[in-house]
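> Can you keep this structure in mind? I'll have questions shortly.
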Amino acid sequence: MFLQVFKRVESVCLLSEGNQSFQSLKIGIREDELSVALLSAIIVLINACNVEQLHNIPESVSEAFLSLLKEIRANATHHLVIRGDVKSNEGRVCKSNVGVSELAESIFRLSINASQLSVSLPFEVVQRGLFGTSDSSFEDFLSNYWEVSPFLLTRTSEDNNVNDMFSPFIQSLNWNGSVPSLLHSILQGLVSCFPIASEEQNILNFLNEVKDRLGCPIIYQQDIRVVKTESQSRKETHHFHPECHKEPLYFTNEDVLKCEQAYKEGYTVALRGLEFRYQRIASIADTLALMFGQPSVGANLYLTPANSQGLARHFDDHCVFVCQIFGSKKWTVFSQPGQLLPRLYDSLCGSDVDCTKAVRREFFLKEGDVLYIPRGFPHEAYTNYAVDDGSPGFSLHLTLSIEVEPAFE
């Protein structure tokens, strides 16, 4: 009935109860009480389902509602009505009892169905993109480099394997040569991705923990960081200071504009959770997790201006594949300081790393190149000024992180 009755996504808005806190926002539809009632009923029904009941929803219905609810969520975010007498310049607004988090929960639940239909990339596509074109390239990597030594795959002029692997993602960024447009494309309208423990057996247990916060804007330090390393002190500084706020620092449209200014001042914009935000990245991450026998693979994005360093020298408790998307970046990787590899969530991981006696290797990554850095190997990276070879000076790279869980070591 809702699919038949509801015709105007542009008439959907968010209503505030006098303040604009995330928890107070409700979904409203202009001049359409029937659609409001049906939407409320649908969301209540979807959110009451267990996993088996979700799977029993016909595929065509589930896909139709998932697409429509995403469209409603995106459109409502751009239309906020302060309640008052619940009237706007475009007519009376019919208010529902559905909050942003309830709508986001329905999208989350229907996405469980959609994820069953998504297909991981073929092994050979990811193998060619990350390890080279020879039949034995992956086996050679496992034998000689995995958790032993850095590994660089350089893209030749004839070889577009990495670009082929990431091309749908690159196209979705709508890159037109302007860094502000790139930032806007990446950050605009994003919602927070709350961390899910990889050993979580029932996804609805996780959902019950975070359901009241679903659909909220991205949160500083959880989803995004804006950071640079000072050349003199070698210490990281943040453009935003969340410790000044008692509540989580939610990102607004104004903060997106502040990111553009921070970028001009040399700050790197780092975004977490791309495997939840882009279908193509999810497919790559799923395949890579299967290849290494791990429960999951994470994906982060880093945009660094020319002549700048984002994160300070550090080592990680997970293995990383650095995939250069745009521009170029110079990496310095140091030999492992100790004999033992760090365990996941090891408290010793951090930026206070003494590398005075370590062996260093330098790698210059251009578009399409991939660098593997084992866990426990200190590293740092920085960009140069734009050079004559056509490089724009800045860097956009993506990291694929393989967390070696203790049970899977």
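> Select from the range 256-275 the residues that are assigned to a helix (DSSP H, G or I) and within 13 Å of the chain's Cα centre (by Cα) and write down the one among them that is surrounded by the fewest Cβ atoms within 10 Å (Cβ to Cβ).
The residue in question is Leu274.
> Could you run through the range 1-49 and say how many residues are assigned to a loop (DSSP other than H, G, I, E, B), crowded, with 19+ Cβ neighbours inside 10 Å and under 29 Å from the mean Cα position of the chain (by Cα)? Walk me through how you get there before you give the answer.
Of the residues in the range 1-49, the ones assigned to a loop (DSSP other than H, G, I, E, B) are 1, 6-8, 17-21, 25, 31-32, 49.
Now restrict to residues that are crowded, with 19+ Cβ neighbours inside 10 Å: 6, 25, 32.
Among the residues that remain, those that are also under 29 Å from the mean Cα position of the chain (by Cα) are: 25.
Selection size over the range 1-49: 1.
> Of the numbered conditions (1) out of contact with any Phe, Trp or Tyr (no Cβ under 9 Å at 6 or more places or on another chain); (2) more than 28 Å from Leu303 (Cα to Cα); (3) surrounded by 13 or more Cβ atoms within 10 Å (Cβ to Cβ); (4) small (Gly, Ala, Ser), Gly189 fails exactly one; give the number of that condition.
(2)
> Would you check which residues across the range 276-322 are in a strand (DSSP E or B) and surrounded by 22 or more Cβ atoms within 10 Å (Cβ to Cβ) and list them?
Val297, Ala299, Leu301, Leu303, Thr304, Cys319, Phe321, Val322, listed by residue number.
> So which pairs qualify, if the first residue must be in the range 334-361 and under 16 Å from Glu405 (Cα atoms) and not assigned by TED's automatic domain parsing to the domain that holds Phe315, the second must be assigned to a loop (DSSP other than H, G, I, E, B) and at pLDDT 80 or above, the Cβ gap must be under 9 Å, and the two must be at least 6 apart or on different chains?
Matching pairs, first to second residue: none at all.
> Hey, another quick one. Would you mind listing the strands (runs of 3 or more DSSP E) fully within the range 330-409 where at least 3 residues are at pLDDT 75 or above, over 23 Å from the mean Cα position of the chain (by Cα) and not polar (S, T, N, Q)?
360-365
> Every residue in the range 1-19 that is closer than 23 Å to Ile218 by Cβ and either in contact with a strand residue (DSSP E or B) (Cβ under 7 Å, 6 or more places away or on another chain) or modelled with pLDDT of 90 or more (or both), please.
Val12, Cys13, Leu14, Leu15, Ser16 - these are the residues of the range 1-19 that are closer than 23 Å to Ile218 by Cβ and either in contact with a strand residue (DSSP E or B) (Cβ under 7 Å, 6 or more places away or on another chain) or modelled with pLDDT of 90 or more (or both).
> Here is a check on your reading of the model: is Glu52 in a helix (DSSP H, G or I), of a type in the set (Asp, Glu) and closer than 24 Å to Ala114 by Cα?
yes
The values are calculated or read from the model by the stated rules, or taken from the named source; none is laboratory data. This one's a predicted model, so the numbers in the text were calculated from it and none came from an experiment. Because the Cβ atoms are built from the backbone with ideal geometry, glycine has one as well, and the counts that use them run over all protein chains shown.
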